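Colleague: Just passing along the structure, written as structure tokens.
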Amino acid sequence: PFDVIVSRAFSTLADFIQGSGRMLGPGGCLLAMKGKLPDTELAALPAGWRAAGVHVIHVPMLDAERHAVLLQPAEK
């Protein structure tokens with residue numbers, strides 16, 4: 001099991017969770033690198049998962065949106 005799994009331009013958040021979530025160890029998280037804020041994807045997270053944080057990333061000399069979405073299993 002892994003503590004952190006990172007993806008960049010891989011898939012929807014739901015597909016990332018479905019494909020990678022089972023490989024997390026206890027207390028682990030998924031980190032998805034996204035362009036525009038994925039509001040629709042955040043609203044469609046699978047049951048048992050939550051967005052623990054969404055962080056804006058500023059890339060020098062790039063005039064485009066970038067976000068990091070931290071996903072964790074929901075508290076039981």
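The values are calculated or read from the model by the stated rules, or taken from the named source; none is laboratory data. Keep in mind that this is a model prediction, so the values were computed, not measured. Cβ atoms come from the backbone with ideal geometry, glycine included; neighbour counts cover every protein chain shown. The area values use the complete protein model at the heavy-atom level, side chains included, leaving out ligands, DNA and RNA. Shrake-Rupley method; radii C 1.70, N 1.55, O 1.52, S 1.80 Å.
Colleague: Which ones in the range 54-76 are open to solvent by 60 Å² or more (accessible area, probe 1.4 Å) and either touching an Asp or Glu at 6+ places or on another chain (Cβ under 6 Å) or among the small types (Gly, Ala, Ser) (or both)?
Modeller: The answer is none; no residue qualifies.
Colleague: What about Met23, is it without any contact (Cβ under 8 Å) to a residue 40 or more places away in the chain, of a type outside the set (D, E, K, R), touching a Phe, Trp or Tyr at 6+ places or on another chain (Cβ under 7 Å) and surrounded by 10 or more Cβ atoms within 10 Å (Cβ to Cβ)?
Modeller: Considered against the rule, which asks whether it is without any contact (Cβ under 8 Å) to a residue 40 or more places away in the chain, of a type outside the set (D, E, K, R), touching a Phe, Trp or Tyr at 6+ places or on another chain (Cβ under 7 Å) and surrounded by 10 or more Cβ atoms within 10 Å (Cβ to Cβ), Met23 comes out as yes.
Colleague: Six or more apart or on different chains, Cβ under 7 Å: which pairs go from a residue in the range 1-18 that's open to solvent by 100 Å² or more (accessible area, probe 1.4 Å) to one that's hydrophobic (A, V, I, L, M, F, W, C)? Could you list them?
Modeller: Close Cβ pairs satisfying both conditions: Pro1/Met23; Pro1/Leu24; Phe2/Met23; Phe2/Leu24; Arg8/Met33; Phe10/Phe16.
Colleague: Among the residues that make up the range 9-21, is at least one of them at pLDDT 95 or above and assigned to a loop (DSSP other than H, G, I, E, B)?
Modeller: Yes, the conditions are met somewhere in the range 9-21.
Colleague: May I ask you to list the residues in the range 26-45 that are under 18 Å from Glu75 (Cα atoms) and touching a residue at least 24 places away in the same chain (Cβ under 8 Å)?
Modeller: Listed by number, the residues that qualify are Pro26, Gly27, Gly28, Cys29, Leu30, Leu31, Leu42, Ala44, Leu45.
Colleague: Do we have any residue at all in the range 56-69 that's in a loop (DSSP other than H, G, I, E, B), over 24 Å from Phe2 (Cβ atoms) and touching a residue at least 24 places away in the same chain (Cβ under 8 Å)?
Modeller: Yes: one or more hits.
Colleague: Of all residues in the range 34-53, how many are in a strand (DSSP E or B) and open to solvent by 60 Å² or more (accessible area, probe 1.4 Å)?
Modeller: The total comes to 1.
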